[in-house]
Amino acid sequence: MGFEKFGHVSFTSQTKTEAFVDYLSKNEIRATKCRACGRVFFPPQADCSSCLARDMEWVKVEGSGRIISFTKVNYGPTGFEDDVPYILALADFNGIKVFGRISKDTPEEQIAVGKEVKAEAISLPNGQVSYQFLPA
């Protein structure tokens, strides 16, 4: 499966990290970790921007994380106009910082900095795969 299956709108069909989509299809959310320096990347990267090594391994994003920051999107960029409003958040999962949408089923009053969330892989109505945050 190629990267064209990722997200609400896909702007690219191939990438060195297309295994990310395969993991989402298996209900797993993964980041990459540099075997040389230990830096973890989300979204996944094929090459380390810290030490320039190309030896990466896939690591699971699991357990619960805490919201670091969030924003409500009222005006969607190209391809996302019909999705608004939605809430984007940055959450810390034991040192792995993950950026993603909060589930539309989560009441806004339950979203706050410091709140615990879990990340889940989802299948979208158009056959695409993605992930979202839910209250933990």
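Since every read-out is calculated from the coordinates, none of them should be taken as a lab result. Since the structure is predicted, the reported quantities are computational estimates derived from the model, not experimental observations. So basically every Cβ, Gly included, is an ideal-geometry build from the backbone, and we count neighbours across all protein chains shown.
The set of residues in region 79-135 that are part of a loop (DSSP other than H, G, I, E, B) and within 16 Å of the chain's Cα centre (by Cα) comprises N94, G95, S103, K104, L124, Q128. Go through region 49-78 and give me each residue that's of a type in the set (A, V, I, L, M, F, W, C) and either under 16 Å from K97 (Cβ atoms) or not in a loop (DSSP other than H, G, I, E, B) (or both). Matches in region 49-78: M56, W58, V59, V61, I67, I68, F70, V73.
Where residues in region 80-96 are surrounded by 16 or more Cβ atoms within 10 Å (Cβ to Cβ) and in contact (Cβ under 8 Å) with a residue 40 or more places away in the chain, which of them is nearest to P43 (Cα to Cα)? In this case the residue turns out to be I96.
Let's see how each residue does on (1) of a type outside the set (A, V, I, L, M, F, W, C); (2) surrounded by 17 or more Cβ atoms within 10 Å (Cβ to Cβ):
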site: S50; (1), (2): yes, no
site: I68; (1), (2): no, no
site: T106; (1), (2): yes, yes
site: I111; (1), (2): no, yes
